[in-house]
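The values are calculated or read from the model by the stated rules, or taken from the named source; none is laboratory data. Small disclaimer: the values here were computed from a predicted structure and weren't measured. Remember, those area values only see protein heavy atoms, side chains included, never the ligands or the DNA or RNA. Shrake-Rupley method; radii C 1.70, N 1.55, O 1.52, S 1.80 Å.
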Amino acid sequence: MFTRIQSRAFVVLGLGLVPIGNSLNGQSVTRAQEPSQDNKIELSYHVKAIKRDSAGQYTLSGRVNGELRGRATLVFGFDEASSGQAGRALIHSSWVVKAEPASESFKAKLSGTVEVASGQTHLVGKITEGAYKGRRVETSSRLLNFGPNHSLSDIDGNMIIDRK
């Protein structure tokens, strides 16, 4: 009887895994280090907070990977104005990306919103200096609150730069 229960459990578990495996078939995965097909430069980043100033703005630093590689330093802050959306706050950031090679380096300014409960952000802006000057840039990220008293400690995200 125990083996009969084990066999049924195995069949049920096995059937339960089939849809999960099939749902992945047919989905395409774009690796950040491969050039994208749609005239966009795709990057991923992980930055850690290094300081917070008296105005409440964070300075963060870390790595940028993907079609460009290098170090990023950014200043990130919350705006005082209302976003007009429940559970969302206005935010802004200024980026300095020192790429390898240096000719790919740039500065950018972005603004957008953060979902307060989840930490999900969406910012849009322009590259203001360096490579790709004037091009649209967009980030989607997640704020991680692992610092003292659950303060902002890290940001993981993706950046997309228009090629044209």
Nearest-10 value in Å² for the accessible area of D79, using the 1.4 Å probe = 60
Taking only the alpha-carbon positions of region 76-145 as identical scatterers, the Debye log10 I(q)/I(0) at q = 0.14, 0.15, 0.17 Å⁻¹ comes out as -0.47, -0.53, -0.64
Any idea what diffusion coefficient region 48-116 gets from Stokes-Einstein, in µm²/s, Kirkwood Rh on alpha carbon pairs, 25 °C, 0.890 mPa s?
-> 186
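In Å², what does the accessible area per residue of region 35-164 work out to with a 1.4 Å probe? Kindly include the intermediate steps, with their values, before the conclusion.
On the way: 7120 Å² over 130 residues.
Per residue, region 35-164 has 55 Å² of solvent-accessible surface.
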Tell me, what is the 1.4 Å probe accessible area of S93, in Å² to the nearest 10?
-> 10
Apportionment of accessible area to carbon and sulfur, region 35-95, percent (1.4 Å) = 48
So which lysines can K164 reach, going by Cα to Cα under 21 Å and dropping same-chain residues fewer than 8 places off?
-> K40, K98, K107, K109, K126, K133
Expressed in angstrom, Rg and Dmax over the Cα atoms of region 43-82 are 12.2, 36
Square roots of 5 times each gyration tensor eigenvalue, C-alpha, region 109-164, largest first, Å = 26, 11, 9
Would you mind telling me the share, in percent, of accessible area of region 121-164 contributed by carbon and sulfur at probe 1.4 angstrom?
-> 51
